[in-house]
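Data first, discussion second: the structure below is written as structure tokens.
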Amino acid sequence: AQKVTQAQTEISVVEKEDVTLDCVYETRDTTYYLFWYKQPPSGELVFLIRRNSFDEQNEISGRYSWNFQKSTSSFNFTITASQVVDSAVYFCALSEAQTGGFKTIFGAGTRLFVKA
Amino acid sequence: DTGVSQNPRHKITKRGQNVTFRCDPISEHNRLYWYRQTLGQGPEFLTYFQNEAQLEKSRLLSDRFSAERPKGSFSTLEIQRTEQGDSAMYLCASSLVPGQGNEKLFFGSGTQLSVL
């Protein structure tokens, strides 16, 4: 069965600090996709990144970076030099190819507060 | 394209009443998903369609819930005999058929249901 665990419920940082959001997943599939979505106070979930199970290269996009490690079933998200606008709830998600038909399952989310 | 549209944005109803929500996906998207999100939790999968076919339903979807996607375009989610436990944000998402980078979901703003 597929499962996504985000152990950090809330994180509070001061602007310009770096912050890492943890994500651990469980799957039996060999082909799967991992995602991060952002849900700002306005409520609409916004896609940030997708990673497939065959590509363990880390990715950087501006102040955002993602570390995918299959050996530990983790897909962590780091925001460098955080800004107040980064305040939101961040969700890690998993989509399995075979058993899940690419149905996406979400973790419980991590609420990030960035204080000025 | 205007993105995924959901109506109404808010719905307040009395226990025992029936409610219906509508979702208009991005026009070229074959897949349409319904999720439910309660306070402090991630979106929970309810059901999804590929074109007009409903391919999977979660055990969360009791027999009081029914979803349709006639003609493979918009979708409706109906809840009969609402209960207070049905109070939640109901999210709709759409995507192209997964594969080759099409796995990301585009979400609507949701319908907030309050059952009194």
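The values are calculated or read from the model by the stated rules, or taken from the named source; none is laboratory data. Note that the coordinates shown come from a computational prediction; the quantities given were computed from them, not determined experimentally. Please note: Cβ atoms are built from the backbone with ideal geometry, for glycine as well, and neighbour counts cover all protein chains shown. SASA here: full protein model, heavy atoms, side chains in, ligands and nucleic acids out. Shrake-Rupley method; radii C 1.70, N 1.55, O 1.52, S 1.80 Å.
To the nearest µm²/s, what D does Stokes-Einstein give for region B:29-92 at 25 °C and 0.890 mPa s, using the Kirkwood radius over alpha carbon pairs as Rh? Could the numbers behind the result be given before it?
Working: Rh = 12.2 Å.
Diffusion coefficient, whole number: 202 µm²/s.
Per-residue mean of foreign Cβ neighbours for A:34-42 is 2 (Cβ atoms of other chains, 10 Å radius). In terms of Cα atoms, the Rg and Dmax of chain B work out to 13.6, 45 Å. Comparing B:81, B:22, B:36 in a Gaussian network model of chain B where C-alpha atoms under 10 Å apart are linked, the largest mean-square fluctuation is found at B:81. Have a look at B:54, B:17, B:41 and tell me which one the Gaussian network model of chain B (Cα, springs below 10 Å) gives the largest fluctuation. Most flexible of the set in this elastic network: B:41.
Grab the other residues whose beta carbon is less than 15 angstrom from that of residue A:69, score K and R as +1, D and E as -1, and report the net. Please report the intermediate quantities before stating the final value.
On the way: positive: A:51, A:70; negative: A:22, A:26, A:55, A:56, A:59.
That sum, taken over residues with Cβ under 15 Å, equals -3.
Here, region A:1-61 is characterised by an Rg to Rh ratio of 0.99, where Rg is the alpha-carbon radius of gyration and Rh the Kirkwood radius.
Can you pick out the pairs among A:115/B:11; A:3/A:38; B:11/B:57; A:3/B:71; B:57/B:104 whose Cα atoms lie more than 30 Å from each other? Can you show the working numbers first?
Working: A:115/B:11 34 Å; A:3/A:38 19 Å; B:11/B:57 23 Å; A:3/B:71 33 Å; B:57/B:104 20 Å.
Long pairs (Cα-Cα over 30 Å): A:115/B:11; A:3/B:71.
Working note: Cα atoms of chain A, range along each principal axis, descending, whole Å: 45, 27, 21. What residue among B:91, B:55, B:105 shows peak mean-square fluctuation when chain B is described by a Gaussian network model with Cα springs under 10 Å? The residue with the greatest mean-square fluctuation here is B:55. Taking the DSSP beta bridges with both ends in chain B, the antiparallel portion is around 90 percent.
To the nearest 20 debye, what charge dipole does chain B have about its Cα centre, counting +1 at the Cβ of each Lys and Arg and -1 at the Cβ of each Asp and Glu? Present the calculation step by step, with values, prior to reporting the outcome.
Numbers: 14 positive and 12 negative charges, 75 e Å.
About 360 debye.
So what does log10 I(q)/I(0) come out to for the protein assembly as shown at q = 0.09, 0.11, 0.13 Å⁻¹, using the Debye formula with one equal point on every Cα and no solvent? Treating every Cα as an identical point scatterer, log10 I(q)/I(0) equals -0.37, -0.56, -0.78. When nucleic acids and ligands are ignored and a 1.4 Å probe is applied, residue B:56 ends up with an accessible area of around 60 Å².
Bin width 5 Å, origin at 0, all Cα-Cα pairs of region B:1-67: what percent of pairs per bin? Each 5 Å bin holds this share of Cα pairs: 3, 13, 20, 27, 22, 11, 3, 0.
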